[in-house]
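Q: Dumping the structure here so I can ask a few things about it.
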Amino acid sequence: MKTILVAIDFSDATPPAINHAANLAAQFKSKVWLIHVAQPEPDFVGYKAGPQHVRDQVAHEIHREHERLQILEQQMREKGLDASALLIQGPTQEKILQEIERLKVDLVIMGSHGHGAMRHLLVGSVTEGVLRKAPCPVLIIPCHHNAH
């Protein structure tokens, strides 16, 4: 297993997914790609560009996500792992599938929120889509919330 891709959404499901990726990467001496797909800017998806403050807010959010992703990359490197972070914009499922192909990924790791009994709620629509269409194994890591 040479290459592991971890899809990052900065939710509660992110830390368990990263921990599993770090453990596997350490065992197999794998390269780890931390991928976050940011929302596209409004004009990217065919809308007219909004007011400047809306564009500024989108740019600020992307900058913040990039910083958070770089911190995760640095934490993995401090553990002695070969890790790289990649922030891309566009439709999440499509972009993840493109990166799986481009990077020749051997394993994808994604977190699951486990919100309900129905499958699409259990794993999420993006996760389910990647699970169905990825050309390699996809490991779904459940995010366990504390019991009420």
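Rule-based calculations on the coordinates, nothing more; no lab input. Treat the numbers as computed from the prediction; the structure is a model and nothing was measured. Neighbour counts run over all protein chains shown; Cβ positions are idealised from the backbone, glycine included.
Q: Sticking with the crude label model, points 7 Å out along Cα→Cβ, report the distance from L103 to Q27 in nm, one decimal please.
A: Once both label points are built, they end up 2.0 nm from each other.
Q: List the lysines whose Cα lies under 23 Å from the Cα of K2, skipping any in the same chain that are fewer than 8 positions away.
A: Once the sequence-local lysines are set aside, what remains near K2 is K29, K31, K79, K95, K104, K133.
Q: Give me the distance in nm between label points sitting 7 Å out from Cα along the Cα-to-Cβ direction at Q57 and Q39, one decimal.
A: 0.8
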